[in-house]
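The values are calculated or read from the model by the stated rules, or taken from the named source; none is laboratory data. All figures in this text were calculated on a predicted structure; none of them were measured in a lab. Cβ sites come from the backbone with ideal geometry, for glycine too, and all protein chains shown count toward neighbours. Areas reflect the complete protein model, heavy atoms only, side chains present, ligands, DNA and RNA absent. Shrake-Rupley method; radii C 1.70, N 1.55, O 1.52, S 1.80 Å.
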Amino acid sequence: MDSILWHIREFAEIDSTNTYLAQEAQSGAPEGAVARADFQSAGRGRLDRSWEAPRGVSLLASILLRPTVPPEQRFLVSAAVALSARTALTRLCGLQPELKWPNDLVVGKRKLGGLLSEVVGDGEGYVVGIGVNLQWPGPEGVGGTCVLDEMGVSIEPRAMLDITLGEIGRRRSLLDSESGRVELHDELVHALATLGQMIRVERAQDSLTGTAIALERDGTLMVATPDGVVAVRYGDIVHLRAAETL
Ligand code: BTN
């Protein structure tokens, strides 16, 4: 059951829905505040990157949630949104993207969407921004895809947002309890294409190659390399191929 009263603000144009909603959250906006835009002039991605899309062809939205989550399990807040978006796409058109650690929606090796989660204050809230390519596969050279190219259907951003919010409503209470977080973690592991893959981890200071073998309860990705098992807490990863054995 959807337990949240959603309050959706829609913009023809804005700098960034995450920036806007973070300010609203700081001013005390309640859980359930949502911002959606047709166009962002300064959209932001992970690791200080920009996120650009032409007008009207992507879901560009940010959602304010205020669960009680231990700091080491904050990653589950964005996971709940990613899993909800995944289910929404399946319900809308049958597409079942997988998740790529830490926060991407992918179809095979192609990126369909990404999430940017930002903490408000000391954890009084989380602004989870989501961008999903609906009718445009992302900038050239990035190897992205979109729902139109995958399924031949045009989904309107607002339709995808509405179904996604309903799905978040179904998962929201899981974030507040230990058993609920275990359930969400299990759903995430099931949806995560990264586990069992040979991956390359790219970070500012180094890169390493190995097999992703586990997702810890704090969101750390465990990677088996020729030099031993490495705990990866942040960075970009590239899926190389499915590992032959786990
Ligand atoms: C990533 O893959 O790097 C995350 C991309 C997140 C983009 C979304 S679009 C809506 C929201 N507003 C932003 O400025 N960013 C997020």
Toward the positive end of the charge dipole of the chain, about the Cα centre and with charges on Cβ (Lys, Arg +1; Asp, Glu -1), which of Gly166, Thr17, Trp136 goes farthest? Trp136
Dipole size in debye (nearest 20) for the stretch 198-245 around its Cα centre, Lys and Arg Cβ +1, Asp and Glu Cβ -1? 80
Highest mean first, what order results for 7-20, 46-59 on Cβ atoms within 10 Å? 7-20, 46-59
Cβ-Cβ cut-off under 12 Å around Val189, Lys and Arg +1, Asp and Glu -1: the net charge is -4
Scanning the chain for helices, which whole DSSP H stretches are 24 Å or more long along the axis (Cα) and average 0.5 or more by Kyte-Doolittle? 75-93
Mean-square fluctuation maximum in Gaussian network of the chain, Cα pairs under 10 Å, restricted to Ala35, Ala204, Ala25, hits Ala204
With all distinct Cα pairs included, what does the Kirkwood hydrodynamic radius of the stretch 7-191 come out to in Å, to one decimal, could you say? 16.2
Can you work out the Karplus-derived ³J(HN,Hα) for every residue in the stretch 196-204? Use 6.51 cos²θ - 1.76 cosθ + 1.60 with θ = phi - 60°, whole Hz, and x for glycine or proline. x, 9, 6, 10, 10, 9, 10, 10, 4
Most to least accessible of Thr225, Thr145, Thr209 (protein chains only, probe 1.4 Å): Thr209, Thr225, Thr145
Alpha carbon centre of the stretch 1-34 versus the stretch 41-82: separation in Å? 12
Charged-residue dipole, Cβ positions (Lys, Arg, Asp, Glu), the chain about Cα centre, Debye nearest 20: 300
Tell me which residues come under 5 Å, amide H to amide H, from Ala243 once H is placed; ignore anything under 5 positions away on its chain. Gln197, Met198
Rank these residues by their accessible area, most exposed first, probe 1.4 Å: Arg86, Arg170, Arg158. Arg170, Arg158, Arg86
Long-range Cα-Cα pairs in the stretch 1-83 (distance over 21 Å), rounded percent: 33
